[in-house]
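In what follows, a single structure is set out as C-alpha cells and then discussed.
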Amino acid sequence: MPNLPITVRSSMGLDRSKCISCNMCVMVCPNSVIKLTSEKDENNKKVLKSYHMDVGRCLFCGMCAEVCPTKALTVTQEFENSVFEPDGLQWDMIQRAERKGKVG
Ligand code: SF4
Ligand code: SF4
C-alpha cells in the first residue's frame, strides 16, 4: 500500500462482529447506499444477517462511519476497486471482510 495522504477516502470496511444492527449508518447516508438486514437471537439481541453497499453511489463522505457507535464501519484507503460491470459495485460487505480474512 503506497503512503497516501490521510485525507484519501476510497473504500469502506465492516467488522461484522462489532455491528449491533442499529441502522444508524443506513439512516445517515445521504445517498441510500447501505442496506442491511438483521434477526433476533435467542436472547432477543439483534444479529447482523446481511450488509450491502451500492458503492457506485457512495460519496465516501464518511458520515456512516462517523455515526457508527461501535466503530464497526470504517472508511479505508483501499483503492483498487475498478470493475468491468456496474454490478461489481454492489458490495456484499460480509463476504468482502471474509475474503480479506477479517472477522466477517
Ligand atoms: S460514506 Fe457517505 S455516501 Fe458512502 S455510505 Fe457512508 S454516508 Fe453513504
Ligand atoms: S452504525 Fe455501525 S453498528 Fe450500527 S448498523 Fe451501521 S455498521 Fe452496524
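Details
- The numbered conditions (1) free of Cβ contacts under 8 Å to residues at least 60 places away in the same chain; (2) more than 13 Å from ligand 1 (Cβ to nearest atom); (3) hydroxyl-bearing (Ser, Thr, Tyr) are all true for residue 32 except (2).
- Any hit, the stretch 35-46, residues being in contact (Cβ under 8 Å) with a residue 24 or more places away in the chain, in contact with a Lys or Arg (Cβ under 7 Å, 6 or more places away or on another chain), of a type outside the set (A, V, I, L, M) and surrounded by fewer than 17 Cβ atoms within 10 Å (Cβ to Cβ): yes
- Listed conditions (1) more than 14 Å from ligand 1 (Cβ to nearest atom); (2) closer than 24 Å to residue 78 by Cβ are all met by residue 42, apart from (2).
- Of all residues in the stretch 67-90, those that are in contact with a Leu (Cβ under 9 Å, 6 or more places away or on another chain) and more than 11 Å from residue 29 (Cβ to Cβ) total 6.
- Residues located in the stretch 55-101, provided they are in a loop (DSSP other than H, G, I, E, B), out of contact with any Cys (no Cβ under 6 Å at 6 or more places or on another chain) and of a type in the set (A, V, I, L, M): 59, 83
- Scope the stretch 68-83; condition loosely packed, with under 15 Cβ neighbours inside 10 Å and either within 8 Å of ligand 1 (Cβ to nearest atom) or aliphatic (A, V, I, L, M) (or both); matching residues: 83
- Residue that is nearest to residue 81 (Cα to Cα) [pool: residues in the stretch 3-50 that are of a type in the set (S, T, N, Q) and in a strand (DSSP E or B)]: 11
- Tally, over the stretch 77-94, of residues that are within 16 Å of ligand 2 (Cβ to nearest atom) and at pLDDT below 95: 0
- Inclusion of residue 50 among residues that are surrounded by fewer than 17 Cβ atoms within 10 Å (Cβ to Cβ), under 20 Å from residue 97 (Cβ atoms) and in contact (Cβ under 8 Å) with a residue 24 or more places away in the chain is warranted.
- Any hit, the stretch 13-25, residues being of a type in the set (Asp, Glu) and free of Cβ contacts under 8 Å to residues at least 12 places away in the same chain: no
- Unmet requirement for residue 32, which otherwise passes all of (1) surrounded by 11 or more Cβ atoms within 10 Å (Cβ to Cβ); (2) within 13 Å of the chain's Cα centre (by Cα): (1)
The values are calculated or read from the model by the stated rules, or taken from the named source; none is laboratory data. Bear in mind that the values here come from a model prediction, so they are computed numbers and not experimental data. Positions of Cβ are backbone-derived with ideal geometry, glycine not excepted, and every protein chain shown enters the neighbour counts.
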